[in-house]
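Written below as structure tokens is the structure these notes are about.
The values are calculated or read from the model by the stated rules, or taken from the named source; none is laboratory data. All of these numbers come straight from a predicted model, not from anything done at the bench. Cβ: placed from backbone, ideal geometry, glycine included. Neighbour counts: every protein chain shown.
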Amino acid sequence: MTEKLSHQSSTKIIIMQTLLDFVQNNLELFYVVILSVFLGIEVISRVPSVLHTPLMSGANAIHGVIIIGSIIVMGEASPDNYLVLTLGFIAVIVGTLNVVGGFVVTDRMLEMFKTGKKSASKTTKEN
């Protein structure tokens, strides 16, 4: 029993050491990510609410890049690597939903600004 606990704790130590080594070797990358988060929050908080929907629907359409990337990763993965294939499949599904959702939101938003012939003909018939 103590052998099993000792093995588990040594495995956790190895994983933690590997994680800390990764962070230490890529510290600049973490600085860029943290600064990007703060910059993104600052930029989005200053966008007027009128522009928020078109910008977000356009940003959702950028998920096409994620779809292409996940298809490439799935194509390069070995057939017995189920983790990569599953994560790639989930990325394709979620990315596709986000792209379609972005276009649906954009279409609904543009419908609000259209001056339709139906509404003009209704007002002339009522008068």
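Side notes on the structure shown:
- Some residue of the range 69-88 being among the β-branched types (Val, Ile, Thr), assigned to a helix (DSSP H, G or I), modelled with pLDDT of 85 or more and in contact with a helix residue (DSSP H, G or I) (Cβ under 6 Å, 6 or more places away or on another chain): yes
- If the condition is being modelled with pLDDT under 75 and part of a helix (DSSP H, G or I), then the range 100-118 contributes LYS117, LYS118.
- Residue match in the range 54-63 (condition: surrounded by 10 or more Cβ atoms within 10 Å (Cβ to Cβ), without any contact (Cβ under 8 Å) to a residue 60 or more places away in the chain and assigned to a loop (DSSP other than H, G, I, E, B)): yes
- When residues of the range 64-85 are limited to those that are surrounded by fewer than 12 Cβ atoms within 10 Å (Cβ to Cβ) and under 18 Å from the mean Cα position of the chain (by Cα), the one nearest to VAL50 (Cα to Cα): VAL65
- Test result for LEU97, over 12 Å from the mean Cα position of the chain (by Cα) and either part of a helix (DSSP H, G or I) or loosely packed, with under 14 Cβ neighbours inside 10 Å (or both): no
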